[in-house]
Amino acid sequence: MMIRRAEPRDLAVVDRLLSQVLAIHAEIRPDLFIPGTRKYTDSELLTIFADERSPVFVAEDADGVQGYCLCQLQERRGLNNMPDGRELYIDDLCVDEAARGRQVGRQLYDYVCAYAKNLGCGAITLNVWEGNTAALAFYERMGMTVRKTVMETKL
C-alpha cells in the first residue's frame, strides 16, 4: 500500500468514496444529509487537492485507490484562554467498502499521524456522527479519546 497526496486524476474515485460516506451519514441522520449527494463538488475538491492547508491523502495498491483522508491544518494564535498551537483536523477518512478489513484505514491514519507530528501539530481531531458505530470503534482502536461532546435539541 502506498499513501500519497491526492491528484486531479484521483477525482473520480474520491467522488465515489465521498458518496459512500454520505450514504452512511444520510442513513444515520436523514434530517441533515440528502441521499445521493456528496459533500464537495468536483471544483471544490480540485481546489482542496491543491491547498497545502487541506492535504488529501489516498491509499493506493495495485488495484487502485482504496481510501482517502481529507485533512485541514488548524492553528490557534493569540487567544487569551488557550496556548498557541496547531492541530490537524480529519474532515473525512473513508476506505472503499470492498477494501474494509484490510488495514487500509489504519495505514492512512498512521500516515496522517506521522504527517501531523512532522508539522509540529499537538493533536489530531475529528468528528464522528452519533450512530456511526463502525467509525467510532475504528477511531477508538486507533487510540483516539473523546475531547468534547456536541449536543443538540431538535426543534
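The values are calculated or read from the model by the stated rules, or taken from the named source; none is laboratory data. All of these numbers come straight from a predicted model, not from anything done at the bench. Here the Cβ positions follow ideal geometry from the backbone for every residue, glycine too, while neighbour counts run over all protein chains shown. Ligands, DNA and RNA are stripped out before the accessible areas are found, and what is left, the full protein with its side chains, is counted by its heavy atoms. Shrake-Rupley method; radii C 1.70, N 1.55, O 1.52, S 1.80 Å.
Some points to look at:
- Counting only residues that are touching a strand residue (DSSP E or B) at 6+ places or on another chain (Cβ under 7 Å) and either open to solvent by 30 Å² or more (accessible area, probe 1.4 Å) or in a loop (DSSP other than H, G, I, E, B) (or both), the range 14-38 holds 0 of them.
- Breaking point among (1) buried (at least 17 other Cβ atoms within 10 Å of the Cβ); (2) without any contact (Cβ under 8 Å) to a residue 24 or more places away in the chain, for T41: (1)
- Of all residues in the range 69-86 being part of a strand (DSSP E or B) and more than 10 Å from the chain's Cα centre (by Cα), the one that is surrounded by the most Cβ atoms within 10 Å (Cβ to Cβ): L73
- Of the criteria (1) in contact with a Ser or Thr (Cβ under 6 Å, 6 or more places away or on another chain); (2) assigned to a loop (DSSP other than H, G, I, E, B), which one I48 fails: (2)
- Condition check for L46: among the hydrophobic types (A, V, I, L, M, F, W, C), without any contact (Cβ under 8 Å) to a residue 40 or more places away in the chain, surrounded by 13 or more Cβ atoms within 10 Å (Cβ to Cβ) and closer than 17 Å to D91 by Cα: yes
- The set of residues in the range 112-128 that are open to solvent by less than 100 Å² (accessible area, probe 1.4 Å) and either of a type in the set (D, E, K, R) or in a loop (DSSP other than H, G, I, E, B) (or both) comprises L119, G120, C121, G122, V128.
- Restricting the first member to the range 129-155 and to residues that are among the small types (G, A, S), and the second to residues that are outside any helix (DSSP H, G or I), the beta-carbon pairs closer than 6 Å and six or more apart or on different chains are A135/V128.
- Qualifying residue in the range 1-10 (condition: of a type outside the set (F, W, Y) and either under 21 Å from L136 (Cβ atoms) or at pLDDT below 95 (or both)): yes
- R147 meets the stated requirement of being open to solvent by 70 Å² or more (accessible area, probe 1.4 Å), in contact with a Ser or Thr (Cβ under 9 Å, 6 or more places away or on another chain) and outside any helix (DSSP H, G or I).
- Of all residues making up the range 87-107, the number that are open to solvent by less than 20 Å² (accessible area, probe 1.4 Å), assigned to a helix (DSSP H, G or I) and touching a residue at least 60 places away in the same chain (Cβ under 8 Å): 1
- Taking first residues from the range 51-62 that are closer than 15 Å to Q107 by Cβ and partners that are assigned to a loop (DSSP other than H, G, I, E, B), the Cβ contacts under 6 Å between residues at least 6 apart in sequence or on separate chains come to V58/A6; A59/M1; D61/M1.
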